[in-house]
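The values are calculated or read from the model by the stated rules, or taken from the named source; none is laboratory data. Just so we're clear, the structure is a prediction, and the values are computed from it rather than from any experiment. A quick note on method: Cβ atoms are made from the backbone with ideal geometry, for glycine too, and the neighbour counts reach across all protein chains shown.
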Amino acid sequence: MTTFDHDAAFTAFDSTAVEHEQVLLMQDSVSGPRAVVALHSTALGPALGGTRFQTYTSDGEAVRDALNLSRGMSYKNALAGLDFGGGKAVIIGDPEQDKTEPLLLAYGRLVASLGGRYTTACDAGTYAADMDVIARVCPWTVSRSSHIGGARDSSAATATGVLQGMRAAARHRWGTSSLRGRTVGVAGLGKVGHLLVELLLAEGARAVVTDVRQAPVRRTAEKFPQVTVVEDNEALIRFASGLDIYAPCALGGVLDEAVVPVLTAEVVCGAANNQLARPAMEKQLADRGILYVPDYVANAGGVIQAAGDLRGLTPRQSAAKVERIFDTTLALLEHAEAEGMLPGTAADRTAEQRIAAAADARARGPQALLQR
C-alpha cells in the first residue's frame, strides 16, 4: 500500500492553506485510497464541491490542487448565489487503473466521517456511477444516477453554463449574444468539452478543437465532422484564421507566460478551473485587449445542478438557474468596466463580500442568520 509522503504534502501548506477551515489527508488502512479533502469556507453553508480522481507528480501537488480548487468552489458558490460553502477532494491515482468499488466505498466512509461538513459530487475522473457507489456509505453525495433519484453527472449543466458565459461575453464585447459565425477554440474534449462543442455547433459557431489524448479527438471528429482538429494547444492558440473565443476545458494553469502573448482570441471563457497560471496573467490578457471571463463564474452550472439536487429542485428549476449564468456574467463584466477593474478582481471582491457577510452573521448568532 502506498502511503502519504507527508514531507511533500506539508510543503504545500503555504499562505493559501491559512485561508482554509480544514484540510485532511485521508487514507483507508485496508483498500488504501489516498485523498485530500480541503474545506475552504462553510460561512455560507456546508461545503459543496466535486471529487477529482487523477494522478499527480507528488503528494504536494495534490494538496496544492485541492487547496486551489476548494477556494475556487467557495467563490463559485458565492457568485452563483448558493447557500453552500466551498470544498474539494482529490483522490490520488489513475482512474482508469486504480478506481475500484472497494476504493470508492472506503473514500465514501472517509467523507461520511465529516458528518455533513462536506458534500461531494462528480469532477474530472469521477462519474455518476462512482457517486452511486459512494452514496451507499455516505449520505452527503450528489450527482448520482437518475434511476436512484439523482440528478446525474453535472457535465451537461457545466457545458450549458459555459455557453451562457460566452454569450454574455459576446454581448459585452460585440453587442450581440449570438455566437453564430464565431470561431471558438476548445482545448480539452473530456466530459464537458465534448458537450460544449455540440452546444456551440447548435448555436451556429465554428469549433476548432484539440486534446492531448487521441481517443476524445477521434470521438468528437467522428460525431461532428464539421469541426476543425488541430495538433495541440499551441496550434490552437495560434490558429491561423484567428479565434473569437478560446475555451480552456482541461486542467488549470493554461494561461501562462507562453500562451497569453500569442493568443489570437478576443475572449477567454472555458470550463477549466484555475485557468490563470498566476493572477497577474489577467492583466496581461487585458493589456492585449482580451476579455477574460473568470472561470468560476462561467463553469458554475455543475454545482448549481448539484445544489438543486440537494434542495429538491426539479430538473427544470435547476436548468433555469444554470441559464442565469448569462445574467450573472453580463452584470459582472458591466460592473468591472464601470469600476475600472479587471473582471477577476470584481468577481473576487463580490464573492469575498458575500462570504464575509455570512461569516459575520454567523458570529452574531441565529437571529442575524435569519435576517440574512
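Name every residue in segment 221-240 that is over 24 Å from the mean Cα position of the chain (by Cα) and part of a loop (DSSP other than H, G, I, E, B), in order of residue number.
PHE224, PRO225, GLN226, VAL227, VAL230, GLU231, ARG238, PHE239, ALA240
Which one is farthest from the chain's Cα centre (by Cα), of the residues in segment 241-262 that are in contact (Cβ under 8 Å) with a residue 40 or more places away in the chain and more than 15 Å from TYR292 (Cα to Cα)? Walk me through it before giving the result.
Restricting attention to segment 241-262, the residues satisfying the condition of being in contact (Cβ under 8 Å) with a residue 40 or more places away in the chain are 241-252, 254.
Adding the requirement that they be more than 15 Å from TYR292 (Cα to Cα) leaves 241-242, 250-251.
Numbers: SER241: 29, GLY242: 26, ALA250: 10, LEU251: 9 Å.
Within segment 241-262, the match that is farthest from the chain's Cα centre (by Cα) is SER241.
Restricting the search to segment 52-66, which residues are free of Cβ contacts under 8 Å to residues at least 24 places away in the same chain and within 24 Å of ILE134 (Cβ to Cβ)? Even if it seems obvious, please write down each step before you answer.
Taking segment 52-66 and keeping what is free of Cβ contacts under 8 Å to residues at least 24 places away in the same chain, we get 57.
Answer for segment 52-66, where residues must be free of Cβ contacts under 8 Å to residues at least 24 places away in the same chain and within 24 Å of ILE134 (Cβ to Cβ): there is none.
Which residue, of ASP123, ASP132, is under 19 Å from ARG34 (Cα atoms), touching a Lys or Arg at 6+ places or on another chain (Cβ under 7 Å) and charged (D, E, K, R)? Spell out the reasoning first.
Values: ASP132 fails: under 19 Å from ARG34 (Cα atoms).
After applying the criteria, what remains is ASP123.
Considering each residue of segment 30-79, count those that are small (Gly, Ala, Ser) and part of a loop (DSSP other than H, G, I, E, B), and give that number.
Here the count works out to 5.
Check segment 133-143 and report whether any residue there is in contact with an Asp or Glu (Cβ under 9 Å, 6 or more places away or on another chain), surrounded by 16 or more Cβ atoms within 10 Å (Cβ to Cβ), without any contact (Cβ under 8 Å) to a residue 60 or more places away in the chain and not assigned by TED's automatic domain parsing to the domain that holds ALA240. Can you show your working first?
As a first pass, look at segment 133-143 and keep what is in contact with an Asp or Glu (Cβ under 9 Å, 6 or more places away or on another chain): 133, 141-143.
After this cut, where a residue has to be surrounded by 16 or more Cβ atoms within 10 Å (Cβ to Cβ) as well, the list is 133, 141-143.
The next check asks that each one be without any contact (Cβ under 8 Å) to a residue 60 or more places away in the chain; those that pass are 133, 141.
With not assigned by TED's automatic domain parsing to the domain that holds ALA240 added as a condition, the list becomes 133, 141.
Checking segment 133-143: at least one residue is in contact with an Asp or Glu (Cβ under 9 Å, 6 or more places away or on another chain), surrounded by 16 or more Cβ atoms within 10 Å (Cβ to Cβ), without any contact (Cβ under 8 Å) to a residue 60 or more places away in the chain and not assigned by TED's automatic domain parsing to the domain that holds ALA240.
Quickly run through segment 337-354 and pick out the residues that are aliphatic (A, V, I, L, M), assigned to a helix (DSSP H, G or I) and over 21 Å from GLY301 (Cβ atoms).
Within segment 337-354, the subset aliphatic (A, V, I, L, M) is 338, 341-342, 346-347, 351.
Remaining after also requiring assigned to a helix (DSSP H, G or I): 338, 346-347, 351.
Matches in segment 337-354: ALA338 only.
Scan ALA272, ALA280, ALA205 and give me the residue that is within 24 Å of THR329 (Cα to Cα), free of Cβ contacts under 8 Å to residues at least 60 places away in the same chain and in contact with a Gly (Cβ under 8 Å, 6 or more places away or on another chain).
ALA205
I'd like to verify a number: residues in segment 79-97 that are over 21 Å from ASP309 (Cβ atoms) and free of Cβ contacts under 8 Å to residues at least 60 places away in the same chain, how many?
Narrowing segment 79-97 to residues over 21 Å from ASP309 (Cβ atoms): 90-97.
Cutting the leftovers down to free of Cβ contacts under 8 Å to residues at least 60 places away in the same chain gives us 90-92, 94-97.
Going through segment 79-97 one residue at a time, the tally reaches 7.
Can you pull out the residues in segment 100-137 that are touching a helix residue (DSSP H, G or I) at 6+ places or on another chain (Cβ under 7 Å) and not aliphatic (A, V, I, L, M)?
Of everything in segment 100-137, those that are touching a helix residue (DSSP H, G or I) at 6+ places or on another chain (Cβ under 7 Å) and not aliphatic (A, V, I, L, M) turn out to be GLU101, TYR107, GLY108, TYR118, THR119, THR120, CYS122, ASP130, ASP132, ARG136.
If you go through segment 317-348, how many residues are of a type in the set (D, E, K, R) and either under 13 Å from LEU291 (Cα atoms) or touching a His at 6+ places or on another chain (Cβ under 6 Å) (or both)? Spell out how you get there, then give the answer.
Residues of segment 317-348 of a type in the set (D, E, K, R): 321, 323-324, 327, 334, 337, 339, 348.
Add one more test, that the residue is either under 13 Å from LEU291 (Cα atoms) or touching a His at 6+ places or on another chain (Cβ under 6 Å) (or both), and what stays is 334, 337.
Final tally of qualifying residues: 2.
So, GLY204, is that one under 30 Å from ALA62 (Cβ atoms), part of a loop (DSSP other than H, G, I, E, B) and touching a Leu at 6+ places or on another chain (Cβ under 9 Å) or not?
Values: under 30 Å from ALA62 (Cβ atoms): no; part of a loop (DSSP other than H, G, I, E, B): yes; touching a Leu at 6+ places or on another chain (Cβ under 9 Å): yes.
Criteria not met by GLY204.
Taking the stated definitions as given, is ARG167 outside any helix (DSSP H, G or I) and closer than 19 Å to GLY301 by Cβ? First the steps, then the outcome.
Details: outside any helix (DSSP H, G or I): no; closer than 19 Å to GLY301 by Cβ: yes.
Spelling it out, it is not the case that ARG167 is outside any helix (DSSP H, G or I) and closer than 19 Å to GLY301 by Cβ.
List every residue pair whose Cβ atoms sit under 8 Å apart, with the two residues 6 or more apart in sequence or on different chains, where the first one lies in segment 167-178 and is free of Cβ contacts under 8 Å to residues at least 40 places away in the same chain and the second, anywhere, is assigned to a helix (DSSP H, G or I).
Once the first residue is free of Cβ contacts under 8 Å to residues at least 40 places away in the same chain and sits in segment 167-178, its partners that are assigned to a helix (DSSP H, G or I) give THR176/ALA170; SER178/ARG167; SER178/ALA170.
Return yes or no: is ALA124 in a loop (DSSP other than H, G, I, E, B) and crowded, with 18+ Cβ neighbours inside 10 Å? Spell out the reasoning first.
Values: in a loop (DSSP other than H, G, I, E, B): yes; crowded, with 18+ Cβ neighbours inside 10 Å: yes.
Considered against the rule, which asks whether it is in a loop (DSSP other than H, G, I, E, B) and crowded, with 18+ Cβ neighbours inside 10 Å, ALA124 comes out as yes.
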